[in-house]
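In what follows, a structure is listed as structure tokens, so that the remarks can point back to it.
The values are calculated or read from the model by the stated rules, or taken from the named source; none is laboratory data. Since the structure is predicted, the reported quantities are computational estimates derived from the model, not experimental observations. Cβ placement follows ideal geometry from the backbone for every residue including glycine, while neighbour counts extend to all protein chains displayed. Please note that ligands, DNA and RNA were not included when accessible areas were found on the heavy atoms of the full protein model with its side chains. Shrake-Rupley method; radii C 1.70, N 1.55, O 1.52, S 1.80 Å.
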Amino acid sequence: MVPLNWYLILSAAVFSIGIFGFLTRRNIIIMFMSIELMLNAVNISLVAFSHYLQDLRGHVLVFFIITVAAAEASIGLAIIIALFRNKNTVHVDEMNEMKG
Amino acid sequence: MDQATVNTLGFPILSLLIFLPVAGALGLLLMKSSQEGLIRMFALLVSIAGFLLSLPLFTAFDKTTHAMQFVERHAWIPAWNINYHLGLDGISILFVLLSTLVTILCILISWNSIKVKVKEFYISLLVVEAAMIGVFCSLDFFLFYIFWEAMLIPMYLLIGVWGGPNRIYAAVKFFLFTLVGSVLMLVGIIVLYLYSGGTFNILELSTRIYPYDMQLWLFWAFFAAFAVKVPMFPVHTWLPDAHTEAPTAGSVILAAVLIKMGAYGFLRFSLPILPEASKAMTPVMITLSVIAIIYGGIICLAQTDLKRLIAYSSVSHMGFVTLGIFALNVQGMEGGILQMINHGIVTGGLFLGVGVIYDRTHTRQISDYGGVASVMPVYASLFIVFTFASIGLPATNGFIGEFLILLGGFKANQWAGVLAASGIIIGAGYMLWLYQRVFFMETSEKVSGLHDLDTRELIALLPMVILIFWIGIYPDTFLGFMHESVRHLLERVNSGSAHGVSVAKNIVEILK
Amino acid sequence: MQHYLLIPFLPFAAFLINILFGRMLLKEKAHWVSILAVAVSWVVSVMTLLDVISGKTLNQDVYTWILSGNFRVSVGFLIDQLTAVMLIVVTTCSMLIHIYSVGYMHGDSGYYRFFSYLSLFTFCMLMLVMANNFLQLYFGWEGVGLCSYFLIGYYFDKKSASDAGKKAFIVNRFGDFGFGIGIFVIFLTFGTVYYEPVFSQAAGFATKSINFLGYDLHLMTVIALLLFCGSIGKSAQMPLHVWLPDAMEGPTPVSALIHAATMVTAGVFLVARCNAIFSLSELALTIVALTGAITSLFAASIGLVQNDIKRIIAYSTISQLGYMFLACGVGGYTAGVFHLYTHAFFKALLFLCAGSVMHAMAGELNLHKMGGLKKYMPVTYITMLLASLSIAGIPGFAGFFSKDEILWLAYSSTNPVGKFVWLIGTLVAFLTAFYSFRLIFLTFHGSFRGTHEQEHHLHESPKTMTVPLMLLCIGAIASGWIGISNLIGELVGIEHLNWFTGFMQPVLGHPEGHGTHAEEWGVMLISIMAGVSGIGLAYYLYIKRPELPDKIMAQFSTAHRVLFNKYYVDELYDLLIIRPALWTAKNVLIGVGDVRIIEAIVNGVPASIGGFSKQLRRLQTGLLQHYATIMAMGLFVIGAFMLLRNW
């Protein structure tokens, strides 16, 4: 039996890698993948807790998240493609139209 | 409490009146933007249907009671005790009729002058109509507030999209002024709701008594909303800009109905809900009114822009209205209400008239005109009817309203009556000078060769002319609606706390 | 009752028909409708007069006009002696002037318009005199003002004409301002604005005072003076007389009808109608008398030096109106109304003759370009001469009887200013005779001073114009014969020869003359002498020694300049009222009030909010990762805070 803590440490590690990647990389696709990492880190901790508490609702929630994430990923990629077609780049430093 | 449950007509006429234009707007949405002729015709038919539908109000109204009539009441958001509650009394009924009539005229007068985004224009116009009628019918404060704010959006678009060169500034100014005022009113509404133990029912709120301090605060909160709309001095500066930049239809709606809502608000909310505060604030209100009359009048003398001049004259005329209302006697108040209708007709007519000539010359500068009477005699003779109605010549509606207001004002405060009466001299000055510069003297270059009114324009102007003489010669048709409601309202205001206490006692006993 | 309604409403119907169908259908035939209507009105008016003489008066409402609380007022008619006389004056003059206009306005492009305005005017004037309450009077009052505005500005493409119309209306508004407040005070005092209850109760308030604008004043004086404000405006008395001379911009028949015979006398009518109120205030009466006397002297002195033929007659009108007020002020309401009635005929005649001269001279108005017209225009000459004899107060003519009665009442009045106003009145009689005959001599005698082209064009006017002249001339001579002084009656052995005073007594009361017969003869003789010497002086200066006037003018050039420029009253108003108002509007209200104060606040608040947000926007770099970093740091800080707190 692997103790809960190990899962949580894994989850935290994956989450941190996700944050680090999101904040440091400039390629929007990599940033996007980092977001997915963070999402999956949450999934890991949810599954772990679910197993630990012997409560299946955590699993159910994870399925939901995966479904929504899939939808989100496709929309996100579509947006990125649209952006790329418009700006011919995937570099986020050049995407500052929201500047106030 | 439930003095108002009657609807002598067998069908929900007020809901129909509100939702017919909305349905018309939805119908327009489905049409192709390119079919402009069809769109105009459809909008016209919807507005005419609305007007015809409003006529039963005129005939079926029971003038012998002050109670609300044609009442509809349905639970809407029961959790917060919000109801869909509509009804009319002698104070509000005429405004509904005016709204439905004015919409027709606005559609007619914009027939050729609106060339871009035609569909959207008529949608906005119909939505404004629905909201205007809603404001005058609502008996639930929440519902009222929704209609009150809902009107801002299409109006903002009318000015901002189809207006003159400086339209964005004017539209934003209009929007911000009104919004700031109405937000304070919203606070007031919530305070009333909480204090009264959870009711938005205007009729119920109007029978309660409230502590004097609270009344005072609420009075100023409501004042912020209503005074901006009227507009009273010194928050009038949005009006000239909005009027000047708005398209003709926008100016007409603004002048004829929209700015009446402020004065209506005083009558419907400030006076009956906050009688003691209103009474205490009478000197302030009368002073502001008199300042508006004279200030607005003198400023007119220096205007070089046709629409701006008429806009400032509105400030002056609305000063008469608020003077009449806050004279707190029968003559003043009935005169004030009648003068609201009158001002809608006359200033609406003046703006319609300016629209007619603006369509031909595309200039609003008075100095560009001259000698219009030689080339457009029919137009000139209709316009002079509006001019003299605005001056308040006997046999026009303006006289009846102003006379009653001045009589009431003089009764309440001699100085107010005398100073306000001097506004009539100034009024004759600027209106006749305007008429002279535009219509008389040698025909100017821009004016020569213009064709006179066509049938459509004549139809748009004639109803106003007929109403001017109708009210001027036989005002009883219109004054008759008000007598009972005004009597009741004044009883509430003048009996002050004594009346309130007895009502409160009754409520307590019923509850026990 | 019903047939009385025809009197005002027939002209009104004519107005509607002409204004609606005149331009398209009637065109050159527009006058038929109007003339027919006013002629029937005239017939009914005569019948009404006969009814009243036989003792039938009437006071009846038609319908409720305004009802609000305890304020109720109707459209209603009061037919009594005063109304009946006014009806005759209005319809007779109106009818003759309608006929005259057919010739005078022939070929004018706005022919239908002219006749529709005339009809509308007749309607309003009749509503004014037939009213049985103050508000309907006010309706007619403003209505005639409106028609006057239209008709003065009839040639609206001329700037001077449209200016004059506007001026007339606005100046009148100043008077109406007081009049309106007078009506308010009447309502608040009596609770009604109907004549009958007001006049019958007035005596009961004789000693009451009122707090008016913070001052405690005698009630009846306040009411009377406020009403008199209206009269000052409408009847062009000082200081609101400035509009009447300018009103001569209108077509001449208009000047005759509105600005001589009918509308401008409405002020006198108002004072006479309200005699029950005026009689209760000595002070008000004194002011009325003084205003009348001073105005009449003032206007007559200006009339001496004017060169414009119509303006001279206009000043003469102001002066004669002053005479009527003078009469009312000394309590001689009957004499005032009598003078109103005779004046209507001879003054309308003078104007129409002037119009006839203008017609022949192709619009020329300057006296110095005329001369010797009598051989070209005999009818005009004789009628105008007779009218001038009448206004000069030559015995036998209408003007003599009314003027003499006024002077006698002034002389014999108990009012402290009675003798003073008599003196002025007599002086004015002299001046009136002088300038009237100056006009006659310069126009009709001597040799022609205009251009050859004009001389070639000179002709007598057509029948439609000369026949009304002759008919009015009968009035100018004979209209006074119904009010011949009882003094003369005694001389010839007829008692109560002064039928008019007796007839009017139920409405206007009996004027009191305190004096001996010798004094009365004396006053009469002096007034005759004043008239005759005025004519004589004019004859001497303009026929005998035509070079003298220029010398006198050069001698007294300053005085002449002041008179010629009408005492600079117009300039004074321009300087004191018009310019300051415009200046205030332009510089103070718009420049400072609206822009610097209100707009500054209005625009200042959003501007400061905008400034604040400008600083804030620097945080918005638009770079996603900046936002994410801040979020992550925030998350870290919150997390750390939670953990540390639990420690």
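When ligands, DNA and RNA are left out and all protein chains stay put, how many square angstrom of accessible area per residue does chain C have with a 1.4 Å probe?
38
Out of A:Val62, A:Gly21, A:Asn43, whose Cα points farthest toward the positive end of the dipole of region A:4-88 (charges: +1 Lys, Arg; -1 Asp, Glu; placed on Cβ)?
A:Gly21
Using label points projected 7 Å from each Cα along Cα→Cβ, tell me how many nm separate C:His456 and C:Leu5, to one decimal.
5.9
Residues with amide H under 5 Å of C:Ala131's amide H, sequence separation 5 or more or different chain, H placed in the peptide plane at 1.01 Å from N; which?
C:Leu78
With a cap of 16 neighbouring Cβ atoms within 10 Å, and only residues DSSP puts in a loop, list the trypsin sites (Lys or Arg not before Pro) found in region C:56-127.
Hits after loop and neighbour filter: C:Lys56.
Just to be sure I understand: if you take the accessible area of chain C alone plus chain B alone and subtract the pair, with a 1.4 Å probe, what total do you get in Å², rounded to 100?
Numbers: alone 27860 and 18160 Å², together 41140 Å².
For C against B, buried area totals roughly 4900 Å².
Inverting the mean 1/r over all pairs of different Cα atoms, compute the Kirkwood radius of the protein assembly as shown and quote it in Å.
On the way: mean 1/r = 0.0288 Å⁻¹.
Final number for the Kirkwood radius of the protein assembly as shown is 34.7 Å.
What size of dipole, in debye to the nearest 20, comes out for the protein assembly as shown about its Cα centre when the only charges are +1 on Lys and Arg C-beta atoms and -1 on Asp and Glu C-beta atoms?
2100
Tell me, what is the Rg over Rh of chain C, with Rh the Kirkwood radius over Cα pairs?
The Rg/Rh ratio comes out at 1.17.
If you take the Cα atoms of region B:47-200, find Rg, then find the Kirkwood Rh from the mean of 1/r over all pairs, what is Rg/Rh?
With Rh from the inverse mean 1/r over Cα pairs, Rg/Rh is 1.02.
Quick check for me: using +1 on Lys/Arg Cβ and -1 on Asp/Glu Cβ, what's the dipole size of region A:4-88 about its Cα centre, in debye to the nearest 20?
Value, rounded to 20: 360 debye.
Cross-link list B:Lys173/B:Lys307; C:Lys374/C:Lys551; B:Lys446/C:Lys166; B:Lys173/C:Lys586; C:Lys234/C:Lys544: which exceed 29 angstrom alpha carbon to alpha carbon?
Check vs 29 Å cut-off fails for C:Lys234/C:Lys544.
With a cut-off of at most 10 other beta carbons within 10 Å, and DSSP calling the residue loop, which GluC sites (Glu not before Pro) in region B:406-459 qualify? Please list them.
Passing sites in region B:406-459 are B:Glu445.
Using only the Cα atoms of region C:1-135, construct the convex hull and provide its projected area averaged over every direction, in square nanometres to one decimal.
8.7
So for the pair B:Thr304, C:Trp481, with labels modelled 7 Å out along Cα→Cβ, what separation do we get in nm?
Here the answer is 6.6 nm between the modelled labels.
With each pseudo-label sitting 7 Å past Cα toward Cβ, what's the C:Ser54-C:Val532 distance in nm, one decimal?
4.5
Using a 1.4 angstrom probe on heavy atoms only, work out the carbon and sulfur share of the accessible area of region A:4-88 in %.
Result for region A:4-88: 74 percent of the exposed heavy-atom area is carbon or sulfur.
Averaged per residue, what accessible area in Å² does chain B show with a 1.4 Å probe, protein chains only?
In whole numbers, chain B has 31 Å² accessible per residue.
Tell me the relative contact order for chain C as a rounded percent, counting alpha carbon contacts under 8 Å between residues six or more apart. Show your work: numbers first, answer last.
Working: 1064 pairs, mean separation 74.7, N = 647.
Computed over chain C, the figure is 12 percent.
Please name the residues of region C:30-65 whose accessible area, counted over protein heavy atoms with a 1.4 angstrom probe, falls by no less than 50 Å² between the chain alone and the full protein assembly.
Residues of region C:30-65 that lose at least 50 Å² of accessible area once the other chains are added: C:Tyr63, C:Trp65.
Provide the FRET efficiency to the nearest 0.05 for the C:Leu616-C:Ile577 pair, computing r from the beta carbons and using R0 = 45 Å.
After rounding, the FRET efficiency stands at 0.25.
Using only C-alpha positions, report the orientation-averaged shadow area of the convex hull of region A:17-99, nm², one decimal.
It is 6.1 nm².
Quote the relative contact order of region A:4-88 in percent (integer), defining contacts as alpha-carbon pairs under 8 Å separated by 6+ residues.
27
Could you work out the relative contact order of chain B, using alpha carbon pairs under 8 angstrom and six or more residues apart, expressed as a whole percent?
Reported relative contact order: 15 percent.
Assuming a ≥ b ≥ c are the square roots of the Cα gyration tensor eigenvalues, decide whether region C:1-62 counts as rounded (a/c under 1.5), prolate (otherwise, with a/b larger than b/c) or oblate.
Here region C:1-62 falls in the oblate category.
How big is the dipole moment of region B:281-473 about its Cα centre under a simple scheme where the beta carbon of each Lys and Arg is +1, that of each Asp and Glu is -1, and everything else is neutral? Debye, nearest 20, please.
So the magnitude is around 300 debye.
Just the number, please: Stokes-Einstein D of region B:417-461 in µm²/s, Kirkwood Rh from C-alpha pairs, 10 °C, 1.306 mPa s.
The Stokes-Einstein estimate is 119 µm²/s.
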